[in-house]
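*Asks:* So that we are looking at the same thing, I have put the structure below in structure tokens.
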Amino acid sequence: MNKKTNASHGTTFLTLFGLIAVGILLNLLGNRVNVALGLPLYLDNIGTIFSALLGGYIPCITVGFLTNIILGIADSYTTYYCVISVLIAVAAVSFSHHMRRLRIKYILLGILSFALLGGVLGGFLTWFINGQSFGEGFAVDFAARIQVFLPVGYIGTNLLSCFLLDLLDKAIVTVIALILYKLLPEKAVHFVQTRSWYYVRMSELEQRKDYAVKYANAAAPSDNMANAAKVETNAPNTAGAAASVKPRRKKRSLRLKVTLLVAVPTSLVAFAAIGTCIFQYQNSTIRSYTEQGEIVSDYIVSQIDASQFDTYLAEGTSAEGYQEFEDLMHAIRDTSPVITYMYVYRIAEDGTHVIFDLEAESYPADHLGDVIEYNDTIKKYLNLFLAGEEIPVDIVNDKYGWLLTVFRPIRDTAGKTQAYVGLDLGMSHLSSQVTSFLAKMISIFLGLLFLIRTYAVWAAERLIIMPVNDIADAADNFSYESPEARKESLARIEELDIHTGDEIERMYMAFRTATGHAIHYIDEVQKKGEQISRLQNGLILVLADIVESRDKCTGNHVRKTAIYADIILRQMKKDGIYADSLTEEYIDEVVHSAPLHDIGKIQVPDAILNKNGKLTDEEFKEMQRHTTAGGEIIDKAIAEVGEESDYLNEAKNLATYHHEKWNGKGYPTGISGTDIPLSARVMAVADVLDALLSRRSYKPPFTIENAFDIIREGSGTHFDPEIVRAFFDAEDEIRKAADSIHEE
């Protein structure tokens, strides 16, 4: 890659980084102003929307994502909203084209979209992050006021509150961003929006091109063409990367593949990581609960006197020390928010004997001395309980809730288990914690995924999609019509100057080389074809001259009839007569094969061909044979060629049928109307005109007026009326040709 390209890329990346930095600073400044004024808003999307207006997806999404990461350093809670900022960035770019033009409808739609994303979707995210709660703050207080006038439930009023506040927030930041954008000089806007990372809609391309021309014309006169070409080349395309300003096809297969290649593996890794984190989080929480339960239960065991249990059961709650120990258990339970139930049970064959059972909110306590049924945990480990063994930690989800149960044996001085202290730690809030954790992780992941996808597609655009599309467009638009067109098309391919340093560059170089060789080969083939065509036409004229040299009466008849036929055919095309047949190729074939129309005269004896005076009936019949003889001669040529030849087919038609008449009274076959080949019908007019205007041994030349009268009279009988109409439409041109070629 040359120094000029490196310098251009350096400027591009500096511009990109500068725009990202400005966008982040605007977001941070708006946030600080909001905090300083104590407003119940955010004002942290000014830079995001400004970047969307000025620079497109790349800086806009980057600004939105990094703003939340930076703000999250001081308040980690903010980090979890990066996906909302990224979605607002995407929406901002979608509306940016119309917002730049200050189209009020689209500005309002944009603000509404931002508020729906920030307020409603962000509100739902808040609800999940806070464990199915909207927390505290102005939005919650405002929701309480809304509830008075519009009772739509806790979630409905809070989402409405978030939406209304965010609507005001997004209206303010959008107006500020638009003002900042409009204050920028047009030259600065153009400079940014012609960088290779800028995404632009097709409707803006012509506007960019118009400004490019104006900007180029402002340069030095000697540099105008170069600058215009440079701006034309740098103008952005619909894919969002630098390329030619010509439209791209709407296919997006590579873009979709790149998106999938980035999104699918990243998502799988992220989901696996999030799942692992949730599993580890749950296990860590359970271990923490277990440790807490074991510590509390061990402490209770250390404080209780197992030898007093029989006394407690005999004397009841009035027994000495019973109330004091129950108060201690209450105090211990109240210090831990996760301990739901606390009790001391003696497990016997006849059931569970209650010694201590602290009353809970969800159910009343059992009384000292009551014998109750085994609960699920006791049933599961009954043999261990009856044997006085250690009991594993158990997790159950029953009518009392989702609980982690810890049992510790209380042994007497002899080591015999007298009872068990049990703790039930409530785990219902673990579900909300997991939901909150999951919402946070997914939010961060989605924001990061948008960012990665944007840069991955951008890189693919620059290094793969854009070069491939440029090569494909150059191939699609390649013109083979003329040497100049081919040279210009090859120059456009060379101007692509693709330097990716990989297989794409190799493919481009091979394509450019192959195209150059192909053009050289086409030029050579065309030259040879032209030489062969000239040689062919020359041989035809030589052959016609040989035949004509035997006929001392006709003069330069074959050349003159070809001139008349050419004039008539081109006038027919101009008039739209037999338009389906009269292509340029067809006209050239007829005109070039016209000199062969009398080739059959080579078989007519000289005595008849050059007889002074009128031919007898037998001699005329012999003269008429030149039509079928001409067809047979050309048939032999067609057989020698060995393939279909339109050129020779028309020569055969001319030689065989040029004496047929429109009314069917001609020769050699007597066919009529459009059954007569078109070329032969045209030659019939040209042949008669030249015969009338030329001197023969048996007659003087007719005047051109007399000749025209005879052709006019023959319309519909001898000649095709449509061809006669074209003949007289070209009357002036035919008169000039006749005056030129019949001068004596």
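Since every read-out is calculated from the coordinates, none of them should be taken as a lab result. Model, not experiment: these values are computed from the prediction. Cβ coordinates were reconstructed from backbone atoms using ideal geometry, including for glycine residues, and neighbour counts include every protein chain displayed.
*Asks:* Which aspartates and glutamates, if any, have their Cα less than 14 Å from the Cα of Lys573, not counting same-chain residues under 8 positions apart?
*Replies:* Once the sequence-local aspartates and glutamates are set aside, what remains near Lys573 is Glu584, Glu585, Asp588, Glu722, Asp729.
*Asks:* Mind giving me the FRET efficiency for Leu37 and Asn130? R0 is 22 Å, r the Cβ-Cβ distance, nearest 0.05 is fine.
*Replies:* It comes to 0.30.
*Asks:* Here's another thing I want to ask about it. Membrane-span-like helices in the chain: DSSP H runs reaching 24 Å or more (Cα, own axis), mean Kyte hydropathy at least 1.6?
*Replies:* Working: long enough: 3-37 (50 Å, 0.81); 57-74 (27 Å, 1.82); 82-100 (25 Å, 1.52); 153-183 (45 Å, 1.47); 253-303 (73 Å, 0.52); 428-460 (47 Å, 1.18); 503-550 (69 Å, -0.19); 557-575 (27 Å, -0.49); 617-641 (37 Å, -0.72).
Those that pass (Cα extent of 24 Å or more, hydropathy at least 1.6) are 57-74.
*Asks:* So for region 304-426, averaging the separation of alpha carbon pairs under 8 Å that are six or more residues apart and normalising by length, what relative contact order in percent results?
*Replies:* Values: 204 pairs, mean separation 31.0, N = 123.
Normalised by residue count, the contact order of region 304-426 is 25 percent.
*Asks:* Nearest 500 deg cm²/dmol is fine: what mean residue ellipticity at 222 nm does the chain get from its DSSP H runs of n ≥ 4 alone, each adding -39,500 (n - 2.57), divided by its residue count? Before the final figure, lay out the partial values.
*Replies:* Values: 30 runs with 485 residues, N = 744.
That comes out to -21500 deg cm²/dmol.
*Asks:* Which pairs break 24 Å Cα to Cα here: Lys611/Lys699; Lys636/Lys665; Lys601/Lys652; Lys661/Lys736?
*Replies:* Numbers: Lys611/Lys699 12 Å; Lys636/Lys665 28 Å; Lys601/Lys652 14 Å; Lys661/Lys736 27 Å.
The pairs that break the limit, which is 24 Å between Cα atoms, are Lys636/Lys665; Lys661/Lys736.
*Asks:* While we're looking at this one, here's another question. Mind checking Rg over Rh on region 304-426, alpha carbons, Kirkwood formula for Rh? Don't skip to the answer; put the middle values down first.
*Replies:* Values: Rg = 13.8 Å, Rh = 14.8 Å.
For region 304-426, the value is 0.93.
*Asks:* How do Met466, Met683, Met623 line up, fewest other C-beta atoms within 10 Å first? Before the final figure, lay out each step's value.
*Replies:* Details: Met466 25, Met683 28, Met623 17.
So the ranking, lowest neighbour count to highest, is Met623, Met466, Met683.
*Asks:* State the answer as a single residue: which of Gly670, Thr157, Pro700 lies farthest towards the positive end of the charge dipole of the chain, with beta carbon charges of +1 for Lys and Arg and -1 for Asp and Glu, about the Cα centre.
*Replies:* Going by the charge dipole, the pick is Pro700.
*Asks:* Here's a follow-up. Once the piece of chain linking Phe149 and Phe620 is laid out straight, how much longer is it, given 0.36 nm per residue of separation minus the C-alpha distance between them? Write down the numbers at each step before the final one.
*Replies:* On the way: separation 471, 0.36 × 471 = 169.56 nm, distance 11.51 nm.
Contour length minus the Cα-Cα distance gives 158.1 nm.
*Asks:* For the charge dipole of region 554-741, defined by +1 on Lys and Arg C-beta atoms and -1 on Asp and Glu C-beta atoms about the Cα centroid, which residue among Pro605, Pro595, Met572 has the Cα displaced farthest towards the positive pole?
*Replies:* Going by the Cα projections, it comes out as Pro605.
*Asks:* When Lys and Arg each count +1 and Asp and Glu each count -1, what net charge do the other residues less than 13 Å away from Ala655, Cβ to Cβ, add up to?
*Replies:* Values: positive: Lys601, Arg625, Lys636, Lys652; negative: Asp598, Glu632, Asp635, Glu650, Glu660, Asp687.
Once positives and negatives cancel, what remains is -2.
*Asks:* On to the next question. Over region 3-200, what is the mean sequence separation of C-alpha contacts under 8 Å (at least six apart), divided by residue count, expressed as relative contact order in percent?
*Replies:* Details: 255 pairs, mean separation 47.9, N = 198.
Answer for region 3-200 is 24 percent.
*Asks:* I've got another one for you. Return the aspartates and glutamates within reach of Lys440: Cα separation strictly under 16 angstrom, same-chain partners fewer than 8 residues apart disregarded; answer none if there are no such residues.
*Replies:* Of all the aspartates and glutamates, those that pass the test against Lys440 - Cα under 16 Å, at least 8 places apart if same chain - are Asp75.
*Asks:* Only Lys, Arg, Asp and Glu count, each charged at its Cβ (+1, +1, -1, -1), so figure out the dipole size of the chain about its Cα centre, rounded to 20 debye.
*Replies:* Dipole size: approximately 3000 debye.
*Asks:* Let me ask something else about it. May I ask you to sort His659, His330 by Cβ crowding, counting other Cβ atoms within 10 Å and putting the fewest first? If you can, show how the numbers build up before the last one.
*Replies:* Values: His659 18, His330 13.
Listed from fewest to most nearby Cβ atoms, that is His330, His659.
*Asks:* P(r) tail for region 253-303, what percent of Cα pairs lie past 19 Å? Don't jump to the answer; show the numbers that get you there.
*Replies:* Numbers: 741 of 1275 pairs.
Of all Cα-Cα pairs in region 253-303, 58 percent lie more than 19 Å apart.
*Asks:* Please state the shape class of the chain: rounded when a/c is under 1.5, otherwise prolate if a/b exceeds b/c and oblate if not, all from the C-alpha gyration tensor.
*Replies:* Values: a/c = 4.38, a/b = 3.15, b/c = 1.39.
Prolate shape, in that a/c is at least 1.5 and a/b is the bigger ratio.
*Asks:* Return a whole-number percent for the relative contact order of the chain, with Cα pairs under 8 Å and 6 or more residues apart as the contact set. Don't jump to the answer; show the numbers that get you there.
*Replies:* Details: 1004 pairs, mean separation 65.0, N = 744.
The normalised contact order for the chain reaches 9 percent.
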